[in-house]
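The values are calculated or read from the model by the stated rules, or taken from the named source; none is laboratory data. From a predicted model like this one, the values you see are computed outputs, not experimental measurements. Backbone-built Cβ (ideal geometry, glycine too); neighbour counts: all protein chains shown. For the accessible areas, the whole protein counts, side chains as well, though only heavy atoms, and no ligand, DNA or RNA atoms are used. Shrake-Rupley method; radii C 1.70, N 1.55, O 1.52, S 1.80 Å.
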Amino acid sequence: MTEQHDSEELDVLVVGGGVAGLSGAVTLARARRSVLVIDSGHPRNAAAGAAHGLLSRDGIAPLELLRLGREETVAYGGRIVPGRAVSVRRAEGGFVVRTESGRTFRTRRLLVTTGLVDELPPVPGLRERWGRDVLHCPYCHGWEVRDATLGVLGGGPVSVHQALLFRQWSPRVTLFLHTGDDPTEEQWERLAARGIAVVDGEVTGLVVAEDRLAGVRLASGHQVPVEALAVAPRFAARGELLAGLGLDTVEHPTGVGEYVASDGSGLTEAAGVWVAGNVTDLTAGLAAAQAAGVRAAAAINADLVDADAEAAVAARAASAASTAQGVFDPASEAEVCTRILGERRHGLESLLRPERSEPAERPRHPERPESSEGPAMP
């Protein structure tokens, strides 16, 4: 494949055009940084009909939210390139990123916001109804299924917690143990106290009527009615791109999946590389991902400000050395004085200028005007 090299060196290249990536891109573009976003066009929440928990934007369609975000990015001078980044390597002063189509881009800093993949349990029908009436986040969809008959598919490390969580939205919750272990004694007590039913046996399929979830089917053949089913998928961060920089995904302490580790600003162990959104925070909702993008962008800009200042100091020192003068040579001093003091700068130049050489007119006495014949007598 023939590579197409972009001659411009970017300040920041953002990989991933979700809310984290676009929020970071807008922040950086407003900071007058050259920014380019590579977006594969496959957001995690594309199947959902509406996004919730965003102040003033509650209920907006996820794809519409991203469309508006792309418009804002471009309006501030950012660029959006459709495609998928497949590799990144270090180069002098930064990185070179290559896309699946063979395009390459040079950048000083890298912000990766590629999100994650929801690995659903192998139950027939789950994927087809994912984001509709098969859910995982009560803060995203709990209000929409309030007071409904809810099921929670067990088998994961947080199944009991998820059942207790959804109980906040409906008094009719059933935990299907599925392939998971039996709850502990303490968990049984909590489930019973909250009135959550527990059903043993493996779930083998879903019951759908008129394109709506109506129940789950057990291995025994028994069907249990539910109107929505909560599932705790395993989260797998899309961090393959960073392998070329020696960064691998690591297991999350809670056991819910793998993520790319970073500090509070999103900085990874690879210098010059930040991450934001679900690629590093597996449980972040839209608002949290958006905030993380802004936070990472601010940290990147601060890092570039320091780098620019250091480069300017080095260039100034090199220039002074080449003229065998110190950093504060006469030419530099004069330039600084001109910038700061203007016409008030010290020296003889202002005294010798023509407009300053003529003496000021002598004021006349208000009561004793002079005449050509001499002073007036009293």
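Some points to look at:
- Any hit, the stretch 219-228, residues being at pLDDT below 95, open to solvent by 50 Å² or more (accessible area, probe 1.4 Å) and of a type outside the set (Gly, Ala, Ser): no
- Matching residues, the stretch 79-118, being open to solvent by 30 Å² or more (accessible area, probe 1.4 Å), under 27 Å from GLY69 (Cα atoms), assigned to a strand (DSSP E or B) and out of contact with any helix residue (DSSP H, G or I) (no Cβ under 6 Å at 6 or more places or on another chain): ARG79, PRO82, VAL86, ARG98, ARG103, ARG106, ARG108, VAL117
- Residue ID - farthest from LEU135 (Cα to Cα), chosen from residues in the stretch 180-195 that are surrounded by 14 or more Cβ atoms within 10 Å (Cβ to Cβ) and either polar (S, T, N, Q) or in contact with a Ser or Thr (Cβ under 7 Å, 6 or more places away or on another chain) (or both): GLN187
- Of LEU22, LEU10, LEU68, all but one fail to be in contact (Cβ under 8 Å) with a residue 60 or more places away in the chain and closer than 14 Å to GLN290 by Cα; the exception is LEU22.
- When residues of the stretch 121-142 are limited to those that are in contact with a strand residue (DSSP E or B) (Cβ under 6 Å, 6 or more places away or on another chain) and either in a loop (DSSP other than H, G, I, E, B) or among the aromatic types (Phe, Trp, Tyr) (or both), the one nearest to ALA288 (Cα to Cα): HIS136
- Residues that are without any contact (Cβ under 8 Å) to a residue 60 or more places away in the chain and either open to solvent by less than 40 Å² (accessible area, probe 1.4 Å) or within 11 Å of the chain's Cα centre (by Cα) (or both), drawn from the stretch 292-303: ARG295, ALA299
Every residue, every condition in (1) in contact with a His (Cβ under 7 Å, 6 or more places away or on another chain); (2) of a type in the set (Val, Ile, Thr), yes or no:
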site: ALA25; (1), (2): no, no
site: LEU28; (1), (2): no, no
site: ALA31; (1), (2): no, no
site: ILE38; (1), (2): no, yes
site: LEU55; (1), (2): no, no
site: ASP58; (1), (2): yes, no
site: PRO62; (1), (2): no, no
site: GLU72; (1), (2): no, no
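- Selection from the stretch 107-140 of residues that are at pLDDT below 95 and farther than 28 Å from ALA219 by Cα: TYR139, CYS140
- Residue within the stretch 144-153 that is part of a loop (DSSP other than H, G, I, E, B) and modelled with pLDDT under 95 present: no
- Considering residues of the stretch 51-66 that are open to solvent by less than 30 Å² (accessible area, probe 1.4 Å) and in a loop (DSSP other than H, G, I, E, B) only, the residue nearest to HIS136 (Cα to Cα): ALA51
- Within the stretch 253-271, being open to solvent by 60 Å² or more (accessible area, probe 1.4 Å) and in contact with a Ser or Thr (Cβ under 6 Å, 6 or more places away or on another chain) holds for one residue alone: GLU258.
- Taken over the stretch 16-44, the criterion of being open to solvent by less than 10 Å² (accessible area, probe 1.4 Å) and of a type in the set (Val, Ile, Thr) is satisfied by VAL35, VAL37, ILE38.
- Unique residue being part of a loop (DSSP other than H, G, I, E, B) and under 27 Å from ILE300 (Cα atoms) when the list is GLY41, GLY69: GLY41
- Single condition LEU175 does not satisfy, out of (1) assigned to a strand (DSSP E or B); (2) closer than 25 Å to GLY255 by Cα; (3) open to solvent by less than 50 Å² (accessible area, probe 1.4 Å); (4) in contact (Cβ under 8 Å) with a residue 40 or more places away in the chain: (4)
- Subset of the stretch 67-78 (residues that are surrounded by fewer than 20 Cβ atoms within 10 Å (Cβ to Cβ) and of a type outside the set (Lys, Arg)): LEU68, GLU71, GLU72, VAL74, ALA75, TYR76, GLY77
- Close pairs (7 angstrom Cβ cut-off, 6 or more residues apart or separate chains): closer than 16 Å to TRP274 by Cα in the stretch 246-257, assigned to a loop (DSSP other than H, G, I, E, B) and not aliphatic (A, V, I, L, M) anywhere: LEU247/GLY239; LEU247/THR268; LEU247/GLU269; THR249/GLY239
- Summed over the stretch 154-168, the residues that are surrounded by fewer than 20 Cβ atoms within 10 Å (Cβ to Cβ) and within 13 Å of CYS137 (Cα to Cα) give a count of 5.
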